[in-house]
Structure formats: structure tokens, C-alpha cells
Amino acid sequence: MLNLKAICFSAMIILGGAYQHAHATEPTTDQKIETLMKGIDFDQQRHRLLDQIFNALKATNLEIPQSFMDRATSIMMENYEDVFSNQDQAIIEIYKSVYSEAEIDAMYDFYSTPVGRQILDKNSAIAEEITEYSLPKSVEFIQKSMSKIQTDPEIQEIIREARQKKQ
């Protein structure tokens, strides 16, 4: 017959190991936030917006050679990654400044459930649809603005005065 102390001691060792294992695999707060960020694909949204802005600028019919616009677009895209290289860490810090650790834990726990994962997937789809809606509006805004800037009498006068000062 086994000794009661031996059984209790064995149980403590087994349960203690299970407890350590469960907590050893617990993600950090940053990892939890990264999971939450998957619901909104910031890079994809920004790339789509930039593409539309570049296309809108190209379509404005300004007296700028297409080769200039192509090169300017290329330079901007080359610098894009440098400028936004720390975006994920910045967003993590924003999450931390807005939400408490308990709130982040609660959101992470919820979004780890099947329903929560579905919602994260749908958040991404909603963000994509909102972008699809807003991009043409952004293009329209830029085109209308640039068209009016080109023909605005005050702008034309400013340009004339600037050219006269150069001569």
C-alpha cells in the first residue's frame, strides 16, 4: 500500500510540472497584442492606399512628365520600408497605452476562442471592404483638388508672381 505522503508528493510534482509548462508557453503581452493586430492588416491597408494615391496623382494631368511621377513613386516606395520598419512595435506600444494588461489578456483570451478567431478574420475583411470603399473616394478627392488647384485664379497669380521674381 502506498504511503499517503508519497502520493501527495508525487501529485505535487506532476501538477507543479504541468503548471510550469502551462505558464511557460503563456505568450507575452507583446505576443498577445500581435495576435490582436491580425484583425487589422495595417501594411496591406497602407499599401493599397499608397497605390491609389500614386495612381490618382498620375491621373491628375498636371504638367509633370510621367517619367517624373514614375521615379517619384519609386523613390517613395523604396523609402516606405525604412520609414515604417518599426510600425509593429509602435502599434504594440499604442495598444499598451490604451489598454491595461488585464484588458489585453481578456481580449486575447476571447480572440483565442473559435468565435473570437472568426471575429478577427471578419475584422480583417471589414477593414479591407472599408479600404475598397474609401480608396476611390480618396482618388476622387485628390483628382478634384488637383484640378481645382490647377485652375484656381489665386494659385495662378501666386505662380506668376513667383516666376516674375525668379527673372
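So THR113 fits all but one of (1) surrounded by 11 or more Cβ atoms within 10 Å (Cβ to Cβ); (2) β-branched (Val, Ile, Thr); (3) under 30 Å from THR35 (Cα atoms); what number is the exception?
Looking at each condition in turn, THR113 falls short on (1).
From GLN156, GLN167, grab the single residue that is more than 20 Å from ARG48 (Cα to Cα) and open to solvent by 100 Å² or more (accessible area, probe 1.4 Å).
On inspection, the qualifying residue turns out to be GLN167.
Among the numbered conditions (1) among the aromatic types (Phe, Trp, Tyr); (2) loosely packed, with under 11 Cβ neighbours inside 10 Å; (3) under 21 Å from MET37 (Cα atoms), tell me where TYR133 comes up short.
Going through the list (1) among the aromatic types (Phe, Trp, Tyr); (2) loosely packed, with under 11 Cβ neighbours inside 10 Å; (3) under 21 Å from MET37 (Cα atoms), TYR133 breaks only (3).
Of the residues that sit in segment 59-109 and are within 14 Å of GLN31 (Cα to Cα) and in contact (Cβ under 8 Å) with a residue 60 or more places away in the chain, which one is most open to solvent (accessible area, probe 1.4 Å)?
GLU101
The values are calculated or read from the model by the stated rules, or taken from the named source; none is laboratory data. If you're wondering where the values come from, they're calculated on a predicted model, not measured in any experiment. Positions of Cβ are backbone-derived with ideal geometry, glycine not excepted, and every protein chain shown enters the neighbour counts. These accessible areas exclude ligands, DNA and RNA; they are computed on the full protein's heavy atoms, side chains included. Shrake-Rupley method; radii C 1.70, N 1.55, O 1.52, S 1.80 Å.
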